[in-house]
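These notes concern the structure reproduced below.
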Ligand SMILES: C[S@@+](CC[C@H](N)C(=O)[O-])C[C@H]1O[C@@H](n2cnc3c(N)ncnc32)[C@H](O)[C@@H]1O
């Protein structure tokens, strides 16, 4: 599952420091939470680093990367080639905020994953992901969010408050979401909050499960 560092596709594989530093911790959670032969749709795949890492380490899963920005597809497909990930499908152009997602020919989706997406997009995207999970996930399937969250009964860390302000200064529609609000909206969409797992740098892994 690796190739020469001089492979031409390597030059097209984009990297972010954030994805490099969180990918192994997220992999550890997904290894436990995804069923062994899960079909997973990733929303907002960005560079494709996560898709490549997870496909290499979880060879029995089928991973479907996607993004709103088709400009990221070259990097995603280059990562797929570099790690020889036969279990990664070609990326789909999906705007998570839209009511219908271009998932293609897929029988069932047992996982939807969104890493560092919902605080760097409008709240329509959070709602769209919850709607999509209700519409496309199998019963018992999981919706996984990774990122910073506020929680009503947990004192917010200064670093997260500062990050939230920074995001809102970039775009007034962006900002760290409050998990309790998402939980209420999820309940109306047949999703219950299953687990909250503390992650490095004041981030959380949040797992909702589609009701049986
Ligand atoms: C901060 S990046 C995170 C990328 C990747 N998940 C990671 O952690 O490296 C946010 C991603 O969300 C995507 N995105 C923003 N709005 C979106 C939308 N409405 N539907 C789908 N993806 C969206 C962006 O194009 C970008 O790739």
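Where a number appears in this text, it was derived from the coordinates with a stated rule and is not lab data. Since the model is a prediction, treat every value here as computed from it, not as a measurement. Quick reminder, even Gly has a Cβ in these numbers, built from the backbone with ideal geometry, and neighbours come from all protein chains shown.
In the elastic network of the chain, a GNM with C-alpha springs shorter than 10 Å, the most mobile of 138, 153, 102 is 153.
Using Cβ counts within 10 Å as a stand-in for footprinting exposure, how do 47, 77, 16 rank, fewest first?
Least to most surrounded, the residues fall as 16, 77, 47.
Among 78, 56, 66, rank each residue by its count of other Cβ atoms within 10 Å, from fewest to most, as a rough exposure measure. Fewest to most other Cβ atoms nearby, the residues stand as 56, 78, 66. Rounded to the nearest 500, the 222 nm mean residue ellipticity of the chain from helices alone is -10500 deg cm²/dmol, with -39,500 (n - 2.57) taken per DSSP H run of at least 4 residues. Relative to the dominant Cα principal axis of the chain, helix 17-33 is inclined by about 80°. Rounded to 0.05, the FRET efficiency of the residue 60 and residue 135 pair, given R0 = 35 Å and the Cβ-Cβ distance, is 0.90. For a modelled paramagnetic label at residue 108, 7 Å from Cα along Cα-to-Cβ, the residues of the stretch 30-55 in reach, with backbone nitrogen under 13 Å, are 35-40. Compared with the alpha-carbon gap, the fully stretched path from residue 18 to residue 201 is longer by 64.8 nm at 0.36 nm per residue. Legend: ranking of residues 173, 13 from fewest to most surrounding C-beta atoms inside 10 Å; resulting order 173, 13. Of all DSSP-defined beta bridges confined to the chain, some 45% are antiparallel rather than parallel.
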